[in-house]
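To start, the structure itself, in structure tokens.
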Amino acid sequence: MSQSLSSEQTIRLFQEYVIGTYARFPVALVRGEDSYVWDSEGKRYLDFFPGWGCGLLGHCPAPVVEAVRRQVGQLIHVPNTWYTELQGRWAEALSRRSFGGQAFFCNSGTEANEAAIKLVRLHARRPRYKIITFEGSFHGRTLGSLTATAQPKYHEGLGPLLAGFVYAPYGDLDAVARLIDAETAAIMIEPIQGEGGVRLPPDGFLAGLRKLADQHELLLVFDEVQTGAGRTGKFFAYELAGVTPDILTSAKGLGGGFPVAACLATAQAARGLTAGVHGTTFGGNPLAMSIANAVLDVVLAPGFLENVARLGLLAKQKLAALADAHPKVIEEVRGEGLMIGLKLRVPPGDFAALARAEHLLSIPAGDNVLRLLPPLTVSDAELDEAVKRLDAACVAAEANLAKAAA
Ligand code: PLP
């Protein structure tokens, strides 16, 4: 189908025919290449939030395009009633690159977390079933993952939710210890909170959780849906803290823009998930696995992750200088690798709109933060370009502040 409608015409189609679950930017996109996307009117944007972080290698990266072309004429989909070498190879690669153990494959972050929640319940001996999660977390939209998400705004109108979740303040080890009782089965956490505002745990917090989990025979679950696949400069963010979970979920970047997700578990934790207990029609299909293997080859190539860490440091230096130049707009720069948050003194939605007017795409998160998740393939020059565009957005935000004060 050719794409010939203007952004305005496309928006009208959505107003009439698409359920309004998303607050969309008023732009229809038609094409992407590396760090850039183009709208229906031919305007080019520097995309520092490609696919909410799924565009790990930018838009339409050659290895993904080639993997699709190769696989799509050979075998697109067969369900998990068959063996495929591609799925076996990806599982082996993830196991070797993480903490050993086994994998279950699905299509989205929320599904990976549902698998983790089931694993916990199947592993724990009764009466244990409760999972401790953290205020400000985001684990997904299906009812289990949604209940794990300790943010009341996402729960409104949807109760009753799944039983068995208790919430602790992020970073408060004593509060976690106080919540553990005879029914507790697991602790589930994002090693860096993404949607909550690129919040890093205090030093020693994840190690403290590991210790508590070991003392009380709980499973430790890391949700690396956003932090995984090299985003932080390590393949998984748990490597930054040197703390290994029993279960890990990941999605977003794993498929380089294609829906791919994984729930990894130690062989011990995975034991309960037997035939018939869990499943998914599309998960782990040959097309998805061919793409996932291609993405992994890029990310694990020698020097790739080191370069992500270098780019992350460079970006933070440049953004810190920007924060110094615009103290009324930017309060703090935080993050790891290319998972970056700008804590703002102005509303992040308004600032994202100002940045978009400068043709830079980003997205607000919690805690008054603007989130930047550029492709891991971003160039030094593109980082400079992004900082220049953010600088212009800061100038515009300062002008608005001055106007409001007058
Ligand atoms: N977990 C985390 C940490 C996330 O950031 C997200 C999505 O933003 C999810 C889970 C849910 O993933 P999905 O939207 O693919 O279901």
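Of note:
- Label-point gap, in nm, between Phe282 and Ala267 - each point 7 angstrom along Cα→Cβ: 3.3 nm
- The calculated 222 nm mean residue ellipticity attributable to helices in the chain amounts to -12000 deg cm²/dmol, summing -39500 (n - 2.57) over DSSP H runs of n ≥ 4 and dividing by all residues.
- For the chain, built as a Gaussian network whose Cα springs stay under 10 Å, the top-fluctuating residue of Gln15, Gln74, Gln102: Gln15
- What a 1.4 Å probe finds exposed on the chain is 55% carbon and sulfur by accessible area, rounded to a whole percent.
- Per residue accessible area in Å² of the stretch 1-47, where ligands, DNA and RNA are left out and the probe is 1.4 Å: 77 Å²
- Neighbour net charge for Tyr45 - beta-carbon separation under 10 angstrom, K R +1, D E -1: +1
- Using only side-chain charges placed at the Cβ, +1 for Lys and Arg and -1 for Asp and Glu, the dipole size of the chain relative to its Cα centre rounds to 560 debye.
- Extreme residue, positive dipole direction of the stretch 63-299, given options Thr232, Leu86, Ala251 (C-beta unit charges): Leu86
- The stretch 139-203 and the stretch 29-93: distance between their alpha carbon centers, rounded to Å: 31 Å
- Low-density loop positions, chymotrypsin sites (Phe, Trp or Tyr not before Pro), the stretch 1-76 - DSSP coil, at most 15 other Cβ in 10 Å: Tyr22
- Cross-link partners of Lys388 among lysines (Cα-Cα below 17 Å; sequence separation of 8 or more within a chain): Lys316, Lys318
- Radius 11 Å from Cβ of Thr149, net charge of other residues (Lys, Arg +1; Asp, Glu -1): -2
- The local environment of Arg31, defined by Cβ-Cβ distances under 13 Å, has a net charge of -3 under the rule Lys, Arg +1 and Asp, Glu -1.
- Mean accessible surface per residue for the stretch 63-299, computed with a 1.4 Å probe while every protein chain stays in place, in Å²: 42 Å²
- Among Ala392, Ala237, Ala112, the largest mean-square fluctuation in a Gaussian network model of the chain (Cα springs under 10 Å) belongs to Ala392.
- Cα centre as origin, Lys/Arg/Asp/Glu Cβ charges: the stretch 1-47 dipole, Debye: 80 debye
- For the stretch 63-299, size of Cβ-based charge dipole, Lys and Arg +1, Asp and Glu -1, in debye: 380 debye
- Taking a straight line from the alpha carbon of Lys118, these lysines sit under 28 Å away, with near neighbours fewer than eight places off in the same chain left out: Lys130, Lys153, Lys211, Lys234, Lys252.
The values are calculated or read from the model by the stated rules, or taken from the named source; none is laboratory data. Since this is a predicted model, take the numbers as computed values, not measurements. Neighbour counts are summed over all protein chains in view; Cβ atoms, including those assigned to glycine, are modelled from backbone coordinates with ideal geometry. Areas reflect the complete protein model, heavy atoms only, side chains present, ligands, DNA and RNA absent. Shrake-Rupley method; radii C 1.70, N 1.55, O 1.52, S 1.80 Å.
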